[in-house]
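A.B. asks: If you scroll down you'll find the structure; I have some questions about it.
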Amino acid sequence: MSENNNGQGSANDGRHHMDSLLMRESLVDKDLIAATEKEPPTVRMLPHCQVIKIGGRSIFDRGRKALLPVADVLGEALEKQKLIIGTGGGARTRHVYSIGVDLGLPTGVLAQVSIADALGTAHILGTLLAPHGVVAIPPEIFGHLLPFFMRGAPGVIFNGDPPYALWEHPPALGRIPPHRTDVGSYLLAECFGAERLILVKDVDGLYTADPNQDSSAEFIPEISVDEIKERGITTLPFEEVLLDLLPKGRLMREFRIINGLKPELITQALNGEPVGTRVYA
């Protein structure tokens, strides 16, 4: 085989050899990795869908007084919009973490057991939204069949934990899995190129300090990741790992935090209105 001036392989007998940027190079070469950014834009698989994550401790653990109004609003939204609904594990996950840490279990095992808790809340919400044709999808088939489900149903529900399980990344501090349900919902929105990501919590958004402990805390309607880091805001109502992931995103470079105890805000957020706090990269 000979090579032409462009480095593409061609055989004397007329056979064509595929030219590949990655064929002969190391995948740890930084220049090579940077070159992959020159390829066409990443495909958005589900640009017409929205990812909305319902907090476990903030909404589910409060019982019917908080969850039923949220379910009603989601049911109304499903009549017009395509929703991918993630769920948090809440107090049960924290209990499992406590037992696991006491037993000396590694981070990967803690991540594995926490998935089951978030799946439980997914089934709870799935039961409430079943009249709308929405059910919880097991993680084993969720990702691969998601476009199919979204074509045939107004929405689906999934446990928000990313499926790292035993392969969870070791945290810098302690043993609690760093990638939990906020992160899992973000990664899903980023991978499938969703229209927007909404995190439903029990606070109006991000403040300069914890508003429950500091009456002088100021509400922040929108803020960049860099500014959060510069100002040293530590009372975050979302998982801190998102501050590292958001700037790396290709399709999802922002998310919005809203108060699910004011369920009307969910409707407004799904309609793209500037409610809660917008965090962007």
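A.B. asks: Can you find even one residue in region 218-235 that is on the phi > 0 side of the Ramachandran plot and either free of Cβ contacts under 8 Å to residues at least 12 places away in the same chain or of a type in the set (Ser, Thr, Tyr) (or both)?
C.D. replies: If we filter region 218-235 for residues that are on the phi > 0 side of the Ramachandran plot, which is where we start, we get 232.
Keeping just the survivors that are either free of Cβ contacts under 8 Å to residues at least 12 places away in the same chain or of a type in the set (Ser, Thr, Tyr) (or both) gives 232.
Yes, region 218-235 contains at least one residue that is on the phi > 0 side of the Ramachandran plot and either free of Cβ contacts under 8 Å to residues at least 12 places away in the same chain or of a type in the set (Ser, Thr, Tyr) (or both).
A.B. asks: Another one. So which of Val183, Val203 is touching a helix residue (DSSP H, G or I) at 6+ places or on another chain (Cβ under 8 Å) and either of a type in the set (A, V, I, L, M, F, W, C) or not assigned by TED's automatic domain parsing to the domain that holds Ile59 (or both)?
C.D. replies: On the way: Val203 fails: touching a helix residue (DSSP H, G or I) at 6+ places or on another chain (Cβ under 8 Å).
Unique residue meeting the criteria: Val183.
A.B. asks: Also: Look through region 156-210, keep the residues that are in a loop (DSSP other than H, G, I, E, B) and among the hydroxyl-bearing types (Ser, Thr, Tyr), and return whichever of them is nearest to Leu74 (Cα to Cα).
C.D. replies: Per the criteria, the residue is Tyr164.
Yes/no per residue for (1) at pLDDT 95 or above; (2) over 17 Å from the mean Cα position of the chain (by Cα):
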site: Ile198; (1), (2): yes, no
site: Lys201; (1), (2): yes, no
site: Asp210; (1), (2): no, yes
site: Ala217; (1), (2): no, yes
site: Glu222; (1), (2): yes, yes
site: Lys229; (1), (2): yes, yes
site: Pro237; (1), (2): yes, no
site: Asp244; (1), (2): yes, no
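A.B. asks: Restricting to region 230-269, give me the number of residues that are touching a helix residue (DSSP H, G or I) at 6+ places or on another chain (Cβ under 8 Å), hydrophobic (A, V, I, L, M, F, W, C) and more than 23 Å from Asp161 (Cβ to Cβ). Break it down stepwise before answering.
C.D. replies: To start, the set of residues in region 230-269 that are touching a helix residue (DSSP H, G or I) at 6+ places or on another chain (Cβ under 8 Å) comprises 236, 238-239, 241-243, 245-247, 249-256, 258-261, 263-264, 266-267.
Keeping just the survivors that are hydrophobic (A, V, I, L, M, F, W, C) gives 236, 238, 241-243, 245-246, 251-252, 255, 258, 261, 266.
Pick out the ones that are also more than 23 Å from Asp161 (Cβ to Cβ) and you get 261.
Residues in region 230-269 being touching a helix residue (DSSP H, G or I) at 6+ places or on another chain (Cβ under 8 Å), hydrophobic (A, V, I, L, M, F, W, C) and more than 23 Å from Asp161 (Cβ to Cβ): 1 in total.
A.B. asks: Working only within region 70-110, note down all residues that are part of a helix (DSSP H, G or I) and closer than 16 Å to Thr121 by Cβ.
C.D. replies: Val70, Ala71, Leu74, Ala91, Arg92, Thr93, Arg94, His95, Val96, Tyr97
A.B. asks: If a residue has to be more than 11 Å from Val279 (Cα to Cα) and surrounded by fewer than 13 Cβ atoms within 10 Å (Cβ to Cβ) to count, how many in region 211-239 make the cut?
C.D. replies: 11
A.B. asks: Would you tally the residues in region 242-281 being among the β-branched types (Val, Ile, Thr) and surrounded by fewer than 18 Cβ atoms within 10 Å (Cβ to Cβ)?
C.D. replies: Taking region 242-281 first, the residues among the β-branched types (Val, Ile, Thr) are 257-258, 266-267, 275, 277, 279.
Cutting the leftovers down to surrounded by fewer than 18 Cβ atoms within 10 Å (Cβ to Cβ) gives us 267.
Residues flagged as among the β-branched types (Val, Ile, Thr) and surrounded by fewer than 18 Cβ atoms within 10 Å (Cβ to Cβ) within region 242-281 amount to 1.
A.B. asks: Continuing with the same structure: Return the residue satisfying two criteria in turn: it lies in region 124-140 and is without any contact (Cβ under 8 Å) to a residue 24 or more places away in the chain and in a helix (DSSP H, G or I), and of such residues it is nearest to Gln81 (Cα to Cα).
C.D. replies: Selected residue: Ala130.
The values are calculated or read from the model by the stated rules, or taken from the named source; none is laboratory data. Worth saying up front: this structure is predicted, and the values here are computed from it rather than measured. Please note: Cβ atoms are built from the backbone with ideal geometry, for glycine as well, and neighbour counts cover all protein chains shown.
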